[in-house]
Amino acid sequence: MTEAILLERERGLLTLRFNRPDKKNALTRAMYSRLAEALKQADSDPAITAVLITGSAECFTAGNDIADFIQQPPSDLDSPVFHFMLNLLECRKPVIAAVAGAAVGIGTTLLLHCDLVYVSRDARLRMPFVNLGLCPEFASSLILPRLLGQARAAQLLLLGEGFTGEQAAAWGIASEALGSGAAALAKAREMALRFDELPPQAVRISKQLMKAPDRELIRQVIEEEGALFTQRLRSPEALAALTGFIKRQ
Ligand code: COA
């Protein structure tokens, strides 16, 4: 069976590549487990200097697998999706994302925890949590109002409006928007490999200093949102919306 998460090594760079093209790289429990495990390993392996998270030049990820949400929803924080979130939050190595095409749900919120984010200008980002009867996750309810202001964050989180890669860069969600998916991937790889040339302890301490002020608060919000999110997954509102997606023609 083809691996849905490909792990690739190039010098000190570990690339985690979503590889489930027939389902727009939607993330299953098994994929979150693999990602969580790889992040933990990258964190402790001194030979790894940076981690790159990406999909293909056509699609980043359609977010959580909706069939999984219905059939085996996370029931508590001891679930693969939360292990992935916490390991990304705790990763001491720089994490870089390269985004092209659709980046939905956690495909957008995970970017808020990466150190550098390169997007194609026409990438399509969206957090349709409310539209699906759910609520924000991965501390997006904390980070986005701070980053964008309450009014714009409400457009994205309460109305579930989509936005482009170009807007993501203009708003500070992404580092830079590039002309194509291939260009975004190439730029992300180039920047990620730069960490191979930089003194690793200085990089580690600097990232730690940048993350320290909000780390505990972010962790607490991930847990609070997570408790509500897992409840919402079992609500009639969410079940109707999620089943509607599966049954659509
Ligand atoms: N979970 C499970 N399957 C998904 C999926 C998801 N999140 N997103 C897409 N797929 C599947 C579709 O069901 C379809 O499968 P099929 O060919 O077996 O019918 C296949 O991937 C292709 O999707 P499709 O919608 O036809 O592609 P598109 O290019 O028209 O649209 C998206 C791409 C990502 C915009 C669209 O699929 C989408 O909105 N997906 C749902 C995203 C979402 O709500 N995620 C959860 C956020 S919390």
Quick check for you: with a 1.4 Å probe and neighbouring chains kept, what is the accessible area per residue of region 5-197, in Å²? 39 Å²
Region 171-249 and region 112-130: distance between their alpha carbon centers, rounded to Å: 8 Å
Filter 187/247; 187/211; 93/187 down to the pairs with a C-alpha to C-alpha distance above 29 Å, please. 187/247
Fully extended, how many nm does the chain gain between residue 228 and residue 43 (0.36 nm per residue separation, minus their Cα-Cα distance)? 63.7 nm
What FRET efficiency do you get for residue 237 and residue 152 if R0 is 30 Å and r is their Cβ-Cβ distance, rounded to the nearest 0.05? 0.75
What is the helix-to-structure angle for 236-247, meaning the angle in degrees between its Cα long axis and the longest Cα principal axis of the chain, kept from 0 to 90 and rounded to the nearest 10? 70 degrees
If you restrict to DSSP beta bridges whose two residues both lie in region 85-219, what percentage is antiparallel, to the nearest 5? 15 percent
For the pair residue 72/residue 170, report the inter-label distance in nm, with labels modelled 7 Å from Cα in the Cβ direction. 4.3 nm
With N denoting the number of residues in region 5-197, provide Rg(C-alpha) divided by 2.2 N^0.38 Å, to two decimal places. 0.95
Measure nothing fancy, just the Cα-based angle from helix 29-44's long axis to the longest principal axis of the chain, in degrees from 0 to 90, nearest 10. 30 degrees
For the chain, what proportion of DSSP beta bridges, expressed in % and rounded to the nearest 5, is antiparallel? 30 percent
Solvent-accessible area, 1.4 Å probe, carbon plus sulfur percent, for region 5-197: 51 percent
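The values are calculated or read from the model by the stated rules, or taken from the named source; none is laboratory data. These figures come from a predicted structure and were not determined experimentally. Reconstructed Cβ throughout: ideal geometry from the backbone, glycine too, with neighbour counts over all protein chains shown. Please note that ligands, DNA and RNA were not included when accessible areas were found on the heavy atoms of the full protein model with its side chains. Shrake-Rupley method; radii C 1.70, N 1.55, O 1.52, S 1.80 Å.
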